[in-house]
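Just below is one structure, and these are the notes that go with it.
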Amino acid sequence: MGNLRPRARHRGDDEIHDAARQADAIASPIGLRAEPLGKNSGARGPAARMVAMRPAGIAAVVIASLASLMIAPYARASSTKPVCLRALDDLGVRYDRVDREGIELGVRVRGDIGGVEYAAYHDADLVLDCSLVYSLARAGAVLRAHGIERATYSSAYDRRNIRGSNRPSSHSFGLAIDVHEYDGDRPGLLRVEDDYEQGLGSDEDCLGRPLTEGGAILRSVHCRLEHSELFRFILSPDFDAHHFNHFHIEAEPWSEREDVR
């Protein structure tokens, strides 16, 4: 027994004891004082484990608890924001969240979409499902590559049925927009009714051989958007007589998309 010597005091002991005193000061008002666990204390289960914790451990628990109170609200706000809206944020789209009948996740656009301004023939806000806005934002690069800066549309969100049927149109869900004109300093004004050349292209060659520059641009836009996998489909004047003057651009609901998984 005479060979036993007192334990050497480590350099970190002072810091540990300081932390213990701070923990007692913080924990005391909420009943978490660091009391020794004696065999006659009567503490059992979780309470016994709490009392048995070393003072430094209590300090860590208290500090972590206080930190969680400050951080948790922001973490919850971030984690509960729909993925599609976070995707719009990443793409730099400015919008307001709105609720509209039939739209799964409605947004009111407040500016350009993917660098392209969308304007209605009539004075109205552009309200769409987030999924379509996401696709238009991603497709903006295709339009800008042709010098297109503006797109004019007639119909976007509109509660109505498909013509000649009792089935609701995709416009009813904010998943479709009808674009009639594209414009920019380089190509000038291009009207689908006047400049789109019908009957061109094939499965092997989507573009075909347009006769005019405007026809080539509109044909290229249609082909590239159609094959981008961003949209369910693009209906052009080639589809039927009802689409003689516009591109019907339609996206899938976010929950059904394969390209965002």
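Using packing as a proxy for protection, rank 106-112, 203-209 so that the peptide with the highest average count of other Cβ atoms within 10 Å comes first. Walk me through the intermediate numbers first.
Working: 106-112: 17.7, 203-209: 10.6.
So the peptides 106-112, 203-209, ranked by packing, come out 106-112, 203-209.
Amide H contacts for I113 (H built 1.01 Å from N in the peptide plane; partners 5 or more residues away or on another chain; cut-off under 5 Å): Y118.
What the phi angles of segment 167-184 give under the Karplus curve with 6.51, -1.76 and 1.60, with θ = phi - 60°, is a coupling list of 8, x, 6, 5, 4, 5, 10, x, 9, 9, 9, 9, 9, 9, 9, 10, 8, x Hz, glycine and proline written as x. By its C-alpha gyration tensor, with a ≥ b ≥ c as the square roots of the eigenvalues, how is segment 144-261 shaped: rounded for a/c under 1.5, else prolate for a/b larger than b/c, else oblate? Cα axes put segment 144-261 in the prolate bin. Remark on S155: its backbone amide H falls under 5 Å from those of D178, a criterion applied only to residues 5 or more positions apart or on other chains, H modelled at 1.01 Å from N. For segment 197-203, backbone phi angles converted through the Karplus equation (6.51, -1.76, 1.60; θ = phi - 60°) give residue-by-residue couplings of 9, 7, x, 9, x, 7, 5 Hz, Gly and Pro being listed as x. For G201, the residues whose modelled amide H falls within less than 5 Å of its own, excluding neighbours fewer than 5 places apart on the same chain, are G208, R209. With neighbour counts taken as other beta-carbon atoms within 10 Å, the residues I113, I217, I162 rank, fewest first, as I162, I217, I113. Applying 0.36 nm per residue to the separation of R167 and L189 and subtracting their alpha-carbon distance, the gain on full extension is 4.5 nm. In segment 127-182, a dipole from Cβ-located charges (positive for Lys and Arg, negative for Asp and Glu) runs towards its positive end, and of H171, N161, H146 it is N161 whose Cα lies farthest in that direction. Backbone phi angles across segment 138-150, fed through the Karplus curve with coefficients 6.51, -1.76 and 1.60 (θ = phi - 60°), yield HN-Hα couplings of 5, 7, x, 4, 5, 5, 5, 4, 9, x, 7, 10, 9 Hz in residue order; Gly and Pro are listed as x.
Rule-based calculations on the coordinates, nothing more; no lab input. If you're wondering where the values come from, they're calculated on a predicted model, not measured in any experiment. For neighbour counting, all protein chains shown are included, and Cβ atoms are generated from backbone atoms with ideal geometry for every residue, glycine included.
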